[in-house]
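Read the structure below first, then the notes.
The values are calculated or read from the model by the stated rules, or taken from the named source; none is laboratory data. Values in this document were obtained by computation on a predicted structure and should not be read as measured data. Virtual Cβ from ideal backbone geometry, glycine too; neighbours counted across all protein chains shown. Areas reflect the complete protein model, heavy atoms only, side chains present, ligands, DNA and RNA absent. Shrake-Rupley method; radii C 1.70, N 1.55, O 1.52, S 1.80 Å.
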Amino acid sequence: MTYPGADGQLGTPDDFTVRNQLHVPVGRPIVVHLSSEDVIHSFYVPQFRVRQDVVPGMDIKAWFQPTVPGTYELGCSQLCGLGHYRMRAQVYVHTPEEYDAWMKQAAQEAKQ
Ligand SMILES: [Cu+2]
């Protein structure tokens, strides 16, 4: 997952990447930009009722607004190849204060 960093803009030098963890603040609309380097995958968070195919060569956006802090499962719902079974991650929905603290720490760690 690539995060926009302090400036809130993707594609700038302060972007940073965290493997298999999607951290978001509660109560705000979240837009994810989905892209694939190989085959069709599918972004799926069952508890949010959000599913969007991810197609090579396309920048596809999906959005959701988490309402309850907690940890949720994110999986690929498209049989995409031999590694499909391990295409999973966690969505961490934080309070705004927790999210700000996480963002600050993750951005700092990414710089090192
Ligand atoms: Cu898959």
With the 8 Å Cα cutoff and a minimum separation of six or more residues, the chain has a relative contact order in percent of 28 percent
Given the whole protein assembly as supplied and a 1.4 Å probe, what does the accessible area of Asp7 come to in Å², nearest 10? 70 Å²
Taking the alpha-carbon centre of each part, the distance from segment 28-65 to segment 71-107 in Å is 12 Å
Accessible surface of the chain [probe 1.4 Å, protein heavy atoms]: carbon and sulfur percent: 52 percent
Considering only protein heavy atoms, what per residue accessible area in square angstrom results for the chain with a 1.4 angstrom probe? 67 Å²
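Compute the FRET efficiency between Thr67 and Glu37 as 1/(1 + (r/R0)^6), taking r as their Cβ-Cβ distance and R0 = 30 Å, and round to the nearest 0.05.
Efficiency, from the Cβ-Cβ distance: 0.40.
Calculate how many DSSP beta bridges within the chain are antiparallel, expressed in % of all such bridges and rounded to the nearest 5.
80 percent
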For the pair Arg19 and Tyr85, what calculated FRET efficiency results from E = 1/(1 + (r/R0)^6), where r is the Cβ-Cβ distance and R0 = 22 Å, to the nearest 0.05? 0.85
Relative to the longest principal axis of the C-alpha atoms of the chain, give the angle of the C-alpha long axis of helix 96-111, reported between 0 and 90° and rounded to the nearest 10°. 80 degrees
Given the Cα-Cα distance of Arg28 and Asp100 and 0.36 nm per residue of separation, how much length would full extension add, in nm? 24.6 nm
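For segment 37-81, build the convex hull from the C-alpha positions and give me its volume per residue in Å³. Walk me through the numbers before you get to the answer.
Working: hull volume 3.5 nm³, N = 45.
Per-residue hull volume (Cα only) is 78 Å³.
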To the nearest whole percent, what portion of all C-alpha pairs in the chain is separated by more than 17 angstrom? 56 percent
GNM, the chain, Cα, under 10 Å: largest mean-square fluctuation among Gln90, Gln47, Gln65? Gln47
Candidate residues Leu79, Leu74: accessible-area rank, largest first, probe 1.4 Å: Leu79, Leu74
